[in-house]
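In what follows, a single structure is set out as structure tokens and then discussed.
The values are calculated or read from the model by the stated rules, or taken from the named source; none is laboratory data. Worth saying up front: this structure is predicted, and the values here are computed from it rather than measured. With ideal geometry, Cβ positions are generated from the backbone for all residues, glycine too; neighbour counts draw on all protein chains shown.
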Amino acid sequence: MLVHFVKAVQRMFCQTRLFKNLKSVLRYGHTIRKPSPMDRNEAWHLLNLHIKNPANIRHALAVEALMRSLAEKFGADAGQWGIAGLLHDMDWEETTDQPERHTEVAAEILRAQGCDDAIIRAIRAHNYLGTARPHELMDKALYSTEEMTGLVTAAVMVLPSRKIADLSVRSIMKKFKEKSFARGVSRAIINETPEMLGLSVEELAEITLHAMQGVHEQLGI
């Protein structure tokens, strides 16, 4: 009976957040921290520890700006949504050859850092190849809108000026309908925005454009 009791306790412990954090510490060498709100400076430092490609940094900044704008529109916490956007691809360079592991590695790192569960959940849910699905509003926002930043960036790159100030919503929508343009951008995921957020694709294009224009210097466009 004692043996069965010990095994039951072990199984329960393996399901706890502490055990998951311990695994992250052993794998990544981070110190366990109690769950607490992560500030932007901490998130920025963490991003730069794991992402080295400047293009990936710029993408993170674009998604951060978009998520903050969406949070403001929905009356949510812009700081929290922004951090989810900033860190959504923080393990991208570590999981390039294992796309199904993308966001799971990030989740392990963030748990060890004491990041709150809502941010971790949203980040995990944005990988359509993973097992987590978007349920909360922040999850749905990150999942369905992130691709639009890629389309906007690509649309800027074909302008003679290569300046986002010269881009219009009309131009973005035209490029959205051209299936051969920026093939890596999933129109199917963007088309889930109306159902998930109650925003039309054109409304999303406008919000994304204005958000990215607000950080154009950081984006280099």
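Annotations
- Every residue from the range 155-185 that is buried (at least 17 other Cβ atoms within 10 Å of the Cβ), at negative phi and in a loop (DSSP other than H, G, I, E, B): Leu167, Val185
- Pairs where the first residue, in the range 199-221, is under 14 Å from Ala155 (Cβ atoms) and the second is of a type in the set (A, V, I, L, M) and part of a loop (DSSP other than H, G, I, E, B), C-beta under 7 Å, 6+ apart: Leu209/Leu167
- Hey, Arg133 assigned to a loop (DSSP other than H, G, I, E, B), at pLDDT 95 or above and not β-branched (Val, Ile, Thr) or not: no
- Some residue of the range 171-178 being out of contact with any Asp or Glu (no Cβ under 8 Å at 6 or more places or on another chain), of a type in the set (S, T, N, Q) and farther than 24 Å from Ala71 by Cβ: yes
- Yes/no for Ala122 being buried (at least 20 other Cβ atoms within 10 Å of the Cβ), hydrophobic (A, V, I, L, M, F, W, C), modelled with pLDDT of 95 or more and in a helix (DSSP H, G or I): yes
- Subset tally (residues that are in contact (Cβ under 8 Å) with a residue 60 or more places away in the chain and either surrounded by fewer than 16 Cβ atoms within 10 Å (Cβ to Cβ) or under 11 Å from the mean Cα position of the chain (by Cα) (or both)) for the range 145-154: 2
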